[in-house]
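Here's the structure, in structure tokens; my notes come after.
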Amino acid sequence: MKKIRCLIYNFTVLCSLIVLSILPSACSKDPIREKIITPPDTTKVATYENGIFIVNEGNYNWGNASVTYLDNKDNTVIQDIFNKSNNRSLGDVAESMTISGNLGYLLINNSNRIEVVSLKDFKSVSTITGLHSPRYLEVVDSSKAYATNLQNYISVINLKTNTVSSTIQTTSWTENLIRYDRFMLVTSIGRFSEPTAVRKAQILVIDTQTDAIVDSIQSGKEPIGIVIDKKQKVWVLCSGGYDNFEAPSLLRINPELRVIEKVFTFPDPKAVPSRLCMNPTGDTIYFLMGGVYQMPVTSAALPAQPLIRPEGRLFYGLNIHPATGRIYVSDAKDYVQNGTAYQYDVTGSLVKSYTTGRIPGSFCFTKNSTK
Amino acid sequence: MVPLSKRKSLNISLLSKYAIFLLYSSGLLCFPLFTHAQNLKDTLRLPEFEFKSNFIIDNQGFKRVKMDSTLFIPNLSADLSTILSEHSSIFIKSYGNGTLATPSFRGTSAQHTQVEWNGINLNSPMLGQMDFSQVPVAQFDGLEILYGAAGISRTSGAFGGVIDLVTMPDWNNRFKAYLAQTIASFGNYVTNFNVAAGGRSFQSHTKVNYASAVNNFPYTNDFGDVVSQQNASYTAFGLSQELFWKVKDRHLFSAKIWYSRDDRNLPPTTQDDPQKIETLKDKALRGVVEYKLVESKWNLLVRSALNDQYMKYTNNVLELESVHQFYSWINRARFSYSGVRNLTIRPGVDFVYDRVNSDEYQGIKTRTTTSLFTEINYNITPKLKSSLVLRDDLIDGKFSPLIPALGVEYRPADKINLAFSANLARNYRSPTLNELYWKNSGNPDLAPETNYSIEVGSTYNFRSRNNLFYLEASLAGYYSWIYDMIVWTPIEGSGLFIPQNVSEILARGIELGLNLNGTVWGFDVGMKNNYNFCRSTYEKASSGFDNKIGKQQLYIPVNTFNTTISIERWNYYFNYNFTFTGDRFTGVENNSLMPGYNLSNIFIGKNIHIKHFILSLQIDINNLFNLDYQSIKNRPMPGINGAFTIKLAFSGTNRP
């Protein structure tokens, strides 16, 4: 009986001890939010005016988009600079970044907003709302820009007030865009709710003075990339459809006559090219298709071999430095860890690599970026 | 029937209830005959102390844990995810209040936990997993967790384990009923109605549940503003009807039907555009008919079930509307023979036919699975018992490799209720239909995932002779490899994700359980604790540039702990639940994490007995210390919130 009493006593004491030990720890008032352990990042940069921004998409619905900054002056890499300067997340799926003057425009696809930041300190200047899954932004002039949406309209952005001033109605979703003369050429990929067979694929020609669609050019399915070469020819890359509906193709378009002059059809419908880029001299095209491919604009055929082989990496973003012509390509790895960005010279030899955030998708260079 | 020798070998200084309990859980076949002995009056009363073990080493060497009605009664308005995260060692990954909740059991993925309701697998054949927030507690009477290889006796592919939801008749009942209404914070309401009627040979049980929630709880967003959760409302309705018919204690017929309908808005993340509206509508109809025959030396069980589910997902931003419909026809036959001394043989066959009509598949897809099953229990000595389980699946005419599991159990002493167990198993998980057939990315060439596991464990329980104190403890350690794990992998240059057999996982851990019950100065005091240590790491990299080897899997905590303290007297009852969830990594390279957190919930209630009626009033306070937390990044969780429940039960006509 004594033993039992002893047990009961111990039991009671134990219960009270546990309750007492739990209560103080349970009273913690700090909000429980994600913590970054490594890399410990204590770098301080005065401005973000001379360098390269790597826009990390982040995982869909995880809200972990970020911007990595490569500083040209002291060769530092700084992670998640938006969060650092603004003490909040950039948002969900950062698609692209465009610079106009001293401001950066970050298109946050799944948050349906554009974050406008000052390049001086990356502090948020304004948040533009009223978009629908924004994709890319192209500047018309110092007061106006167009932003494409996964919706049947293009948003006209007033860069003075940082608001959506009007919309241009389209018949389907729009993707990439480039300025040619007084026109904006916008690729239109159709609505993804429709089967690929009926999805419209065209290049819309918009008069930037009237914001009116004045013409359109039919293209291969899913035109996702558009660049202009030194002879003012427009090159359009068509993926052929996310479901491999048709073979991917690369088109050369005469923007004056608005006709397709040349079609390069890719041989393997399962190998899908993406991220069409032009070098600063306008004579060489680059794109991703597993590896990084390089193609002179005068070439009679598509390149057979990549310039840079992936060697197990998952190349996801690509851009060419507007001053040096160097190749910047990113490895998204398995999408659930931080990526890596690589800098290659034009011959395809590795210069440098950088750790990035989650799913590095695009590069944006400051005007006076020299490296 | 369980061999007599087994009963003798038990230390019967325990209450007979404990023995009955062990017997109940030791066989699929025998339980309805023993349930009349089990005191189920409490299904309509509030918790009274039942001295029975919750930790079971059974099937000779496999771990099981049982939760019973005493736990469910004060949690009638809860769902399965709440019960398990507060009271078991299974980690539940919750995307928010009343929204998607998926399990991670012993460091595995959601597809590796199978949920059964009366022998029907509830996991969708499309997704291979189950949303635990959609299973209301009010729809079942008991729950059993089969850990790791214990699940092989039910199904293949449950590397984590099986959660078995059961409903059972009370043959002593004539008529009982209750009506309960819960009014909770954020415009959440739950109504439950339950009526059971019948006699010694026939019982009918009807359960109705209805929940509606606005669920617009306030939270602090990134800008530091307090805002309301958007688009998180839901309604859920469930109706079940069960009939049990017993003839001469030998034949048992049952027919059960369960209809449920969920209409949910899926709440956005804190980073989403609040204009985004995602909805999910689910309708499910499950029916099962069953016959059991019990003879002195052999038993027979035959069961046929139909599971018909409809799901519709919409997303206004992507202009998406996608409809999925599937039927599963599930059949099971089990025979049990114990005519030879020390030996029981249980052969069986399962036949499952799945038919899916999905907007995301190209055409209708079907799958036929025939499983051959045998379980052999052999008592080497009265103290040392062994069990061999063999299963083989024949999927669409193709044999999968043999699934074997071997367990042993050793009870060293007659007077001390201590048992040691060990088991060893190989298991396979066949790809889900989504993994095989999803439009443009399904991979019909997928191989099954393979799992090798070993486990050792021990249980102990002790009861004081005056019945005033009871202790039970359980310890288990496991080591489990998963090869060829299917992961949706981005394909170079295509922008597509395609499921591939690319990953390898090593999960190992320790589970500790300690339950104490006692009567102190007239107060009935109980305490239940679970601690779980789990390292679940990636063992294969996708390339030389991938640095995830040896890193903890995403969103699986290494440490979890929960404790529940309950106190009862004068028809008042009080309950305190504490849950600690350890750090969870948000990237596979383990560079970022969601910090661990402690949550405390309490409830206090009073039962008022008025003749045959019991009126119960209960107040719940959840997140007692108003912790501002996120379990998953950018998924807000509610701060302190409460609920009030009033329940009127009628239970007067039980036979003595």
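Where a number appears in this text, it was derived from the coordinates with a stated rule and is not lab data. As the structure is a prediction and not an experimental result, all values here were calculated from the model. Note that we place each Cβ from the backbone using ideal geometry, even for glycine, and neighbour counts take in every protein chain shown.
Under the criterion of Cα pairs below 8 Å and six or more residues apart, the relative contact order for chain B equals 11 percent. Here A:LYS200 is the anchor, and the aspartates and glutamates within straight C-alpha reach of less than 14 Å, apart from those fewer than 8 places off in the same chain, are A:GLU175, A:GLU222, A:GLU246. Note on B:ILE364/B:ALA177: beta-carbon distance plugged into 1/(1 + (r/R0)^6) with R0 of 56 Å gives a FRET efficiency of 0.80. Considering only A:ASN110, B:THR459, A:ASN50, and ranking their Cα positions along the charge dipole of the protein assembly as shown that arises from unit charges at the beta-carbon of Lys, Arg, Asp and Glu, the one farthest toward the positive end is B:THR459. Its Cα centre serving as origin, the protein assembly as shown has a Cβ charge dipole (Lys and Arg +1, Asp and Glu -1) of approximately 3560 debye. Peptide A:263-274 has a mean of 2 when you count, residue by residue, the C-beta atoms of other protein chains within 10 Å of its C-beta. Take the Cα of A:LYS144, step 7 Å toward its Cβ, do the same at B:SER296, and the gap between the two points is 9.8 nm. By the count of other C-beta atoms within 10 Å, a proxy for reagent exposure, B:ILE640, A:ILE320 are ordered fewest to most as B:ILE640, A:ILE320.
Loop-located GluC sites (Glu not before Pro) in the range A:213-311 (DSSP state other than H, G, I, E, B) with a sparse environment of at most 11 neighbouring Cβ atoms within 10 Å: A:GLU256, A:GLU311.
Using Cβ point charges alone (K and R +1, D and E -1), the dipole size of the range A:208-282 about the Cα centre works out to roughly 300 debye. Relative contact order for the range B:597-656: 35 percent, from Cα pairs under 8 Å spaced at least 6 residues apart, divided by residue count. Annotation: peptides B:244-252, B:105-113, ranked by per-residue average of other Cβ atoms within 10 Å with the highest first, follow the order B:105-113, B:244-252. Inter-chain Cβ neighbour count for A:106-115, averaged per residue, equals 3 (cutoff 10 Å, partner chain atoms only). Counting beta carbons within 10 Å around each of A:ARG33, B:ARG635, A:ARG135 and listing the fewest first gives the order A:ARG33, A:ARG135, B:ARG635.
Modelled spin labels at B:GLN241 and B:ILE491, positioned 7 Å past Cα toward Cβ, are 4.9 nm from each other. Extension gain for B:LEU424-B:ARG341 works out to 27.4 nm (0.36 nm per residue, less the C-alpha to C-alpha distance). Mean partner shielding of peptide B:594-607, defined as the number of other chain Cβ atoms within 10 Å of each residue Cβ, is 2. Need the full-extension length gain, A:LYS123 to A:VAL263, defined as separation in residues times 0.36 nm minus the C-alpha distance. One decimal, nm. Full extension of this stretch gives 45.9 nm more. When the helices of the protein assembly as shown are scored as -39500 (n - 2.57) per DSSP H run of n ≥ 4 and the total is divided over every residue, the value at 222 nm lands at -2000 deg cm²/dmol. Residue farthest toward the positive end of the dipole of the range B:502-565, with Cβ of Lys/Arg at +1 and Asp/Glu at -1: which of B:PHE533, B:THR563, B:LEU516? Most positive-ward Cα: B:PHE533. The angle between the Cα long axis of helix A:2-26 and the main principal axis of chain A comes to about 40°, on a 0 to 90 degree scale. Taking a straight Cα-Cα cut-off under 20 Å and skipping sequence neighbours fewer than 8 places away in the same chain, the aspartates and glutamates within cross-link reach of A:LYS120 are A:ASP41, A:GLU49, A:ASP71, A:ASP74, A:ASP80. In the protein assembly as shown, taking the dipole from charged Cβ atoms about the Cα centre, the farthest positive-side position among A:MET295, A:SER143, B:SER474 is held by B:SER474. Legend: Rg and Dmax of the range A:305-371, from Cα coordinates, 11.7, 34 Å. With 20 Å as the limit, write out which pairs from B:LYS176/B:LYS248; A:LYS35/B:LYS528; A:LYS270/B:LYS439 have Cα-Cα distances beyond it, or answer none. Too far apart for the 20 Å limit: B:LYS176/B:LYS248; A:LYS35/B:LYS528.
Taking each of A:LYS333/B:LYS540; B:LYS93/B:LYS365; A:LYS84/A:LYS352; B:LYS365/B:LYS540; A:LYS84/B:LYS548; B:LYS207/B:LYS256 in turn, the alpha-carbon distance tops 21 angstrom for B:LYS93/B:LYS365; A:LYS84/A:LYS352; B:LYS365/B:LYS540; A:LYS84/B:LYS548.
Around the Cα centre of the range A:230-371, unit charges on the Cβ atoms of Lys, Arg, Asp and Glu (plus for the first two, minus for the last two) sum to a dipole of about 440 debye. When only Cα pairs below 8 angstrom with a gap of at least 6 residues are kept, the range B:461-604 shows a relative contact order of 16 percent. Placing dummy labels 7 Å off each Cα toward the beta-carbon, the span from A:ALA271 to A:ASN102 is 4.8 nm.
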